[in-house]
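Take a look at the structure set out below.
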């Protein structure tokens, strides 16, 4: 048997009897996939690990608490033999051979009639890697190949174009705070499959260099529109390209729904009958402070954090923020888009009772190679922004958490 390679095949086990002998670590690793395949699973074992017991308690399989007995494999379609009793394994393997049941043996691959491949899944595709023969079996090598292929499919570095008709539509992808490695796996894969990418200046620009040739990249900041027509023009561009049958990715910085006007785009697409997928992103409101060594919450220091847009000054009649309420909070205040208004913000918070000595940190270009952190207080932050020439994008953190961790800028 070892002279010939194994024949790879996918077993359809839904509703079919599967017998697992042994309730130890091997069964614990293999059972989830058998359960996901829909098998009618019988576990035969005197004992089981707590994880396997939890699967039994959840009703995902039937457990008979006893050793293997002749006849256990009758009517089975597939068997996994993984007990610590070599004699019982040999007897069960012989029974499987007599009943023509495909059988995996955890203790002796040469004596098995089937081998379990190293498997992984990505968006409905299962990758299974098998060694060609028993003599050269190297589980770590096959697992490493599996991991490399699955990771490549997930993050888009291994591009496998769809050749059947794809459903055109738009994916609204949060690109994260700036570091290209902080985009989600799904977001990166959708980028690799896109025909058109509409991005803006806060999207992770380094990812655009990885796009396959032929992908049309549109800078949303350069679309032909007037100042107050920006969002409408972007909506029109998304609809136009999707209606041409293209797969469109709208790449945004951070998360699409955290000051990203993502819902406006979703609503416009829905009105136009265009399907839209939303892929959340890592918000700069949490990730940038973290990258600068600042936890937005910390035991005994801050039990809450509040994220506020600072693009409108507190004394502007268009402001929707209750600054007096924010001044009374004892937790952390995170301000996005507030470089130009931080002086007014600080004045307002102090006027409503916030201590002028409250620590403030300004983190510019967070998570990127250009990241820098500058510390101040509410009383000095306005002059610090000018003196240190702080420019957007920058995240401003106000509160005692600023002083909790080590300051890498010092």
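The values are calculated or read from the model by the stated rules, or taken from the named source; none is laboratory data. Being a predicted model, the structure only gives us computed values, none of them experimental. Heads up, the Cβs are rebuilt from the backbone with ideal geometry, glycines too, and the neighbour counts pull from every protein chain shown.
What to note about this one:
- Condition check for residue 166: in contact with a strand residue (DSSP E or B) (Cβ under 8 Å, 6 or more places away or on another chain), modelled with pLDDT under 90, more than 23 Å from residue 368 (Cα to Cα) and exposed (fewer than 15 other Cβ atoms within 10 Å of the Cβ): yes
- Qualifying residue in segment 131-138 (condition: assigned to a strand (DSSP E or B) and either more than 20 Å from residue 36 (Cα to Cα) or at pLDDT below 85 (or both)): no
- Checking residue 326 against (1) surrounded by 16 or more Cβ atoms within 10 Å (Cβ to Cβ); (2) farther than 29 Å from residue 201 by Cα; (3) in contact (Cβ under 8 Å) with a residue 40 or more places away in the chain, the condition it does not meet: (3)
- Within segment 244-262, being under 22 Å from residue 338 (Cβ atoms) and surrounded by fewer than 17 Cβ atoms within 10 Å (Cβ to Cβ) holds for one residue alone: 261.
- Matching residues, segment 248-265, being more than 21 Å from residue 392 (Cβ to Cβ) and over 21 Å from the mean Cα position of the chain (by Cα): 264, 265
- Unmet criterion (only one of (1) within 27 Å of residue 138 (Cα to Cα); (2) within 36 Å of the chain's Cα centre (by Cα); (3) modelled with pLDDT of 95 or more) for residue 61: (1)
- Being modelled with pLDDT of 95 or more and under 25 Å from the mean Cα position of the chain (by Cα) holds for only one residue in 327, 292, and it is 292.
- Residue match in segment 222-243 (condition: modelled with pLDDT under 85, surrounded by 14 or more Cβ atoms within 10 Å (Cβ to Cβ) and in a loop (DSSP other than H, G, I, E, B)): yes
- Residues of segment 330-362 satisfying the condition of being assigned to a loop (DSSP other than H, G, I, E, B) and over 15 Å from residue 394 (Cα atoms): 330, 331, 352, 353, 354, 355, 356, 357, 358
- Test: residue in segment 263-270 that is in a loop (DSSP other than H, G, I, E, B) and in contact with a helix residue (DSSP H, G or I) (Cβ under 6 Å, 6 or more places away or on another chain): no
- Filter result for residue 338 (touching a residue at least 60 places away in the same chain (Cβ under 8 Å) and either touching a strand residue (DSSP E or B) at 6+ places or on another chain (Cβ under 9 Å) or buried (at least 18 other Cβ atoms within 10 Å of the Cβ) (or both)): no
- Scanning segment 202-221 for residues that are in contact with a strand residue (DSSP E or B) (Cβ under 8 Å, 6 or more places away or on another chain), without any contact (Cβ under 8 Å) to a residue 24 or more places away in the chain and assigned to a loop (DSSP other than H, G, I, E, B) yields a total of 2.
- Extreme residue, modelled with the lowest pLDDT, among residues of segment 363-377 that are surrounded by fewer than 17 Cβ atoms within 10 Å (Cβ to Cβ) and assigned to a loop (DSSP other than H, G, I, E, B): 369
- Residue within segment 345-352 that is in contact (Cβ under 8 Å) with a residue 40 or more places away in the chain and closer than 25 Å to residue 406 by Cα present: no
- Positions within segment 78-96 being more than 19 Å from residue 115 (Cα to Cα) and not in a helix (DSSP H, G or I), in sequence order: 85
Conditions (1) under 30 Å from residue 152 (Cα atoms); (2) assigned to a loop (DSSP other than H, G, I, E, B); (3) touching a strand residue (DSSP E or B) at 6+ places or on another chain (Cβ under 8 Å); (4) free of Cβ contacts under 8 Å to residues at least 40 places away in the same chain, marked per residue:
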| residue | (1), (2), (3), (4) |
| --- | --- |
| 56 | no, no, yes, yes |
| 66 | no, yes, yes, yes |
| 76 | no, yes, yes, no |
| 98 | no, no, no, yes |
| 115 | yes, yes, yes, no |
| 121 | yes, no, yes, yes |
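- Every condition in (1) outside any loop (DSSP other than H, G, I, E, B); (2) crowded, with 16+ Cβ neighbours inside 10 Å; (3) within 21 Å of the chain's Cα centre (by Cα) is met by residue 277 except one, and the failing one is (2).
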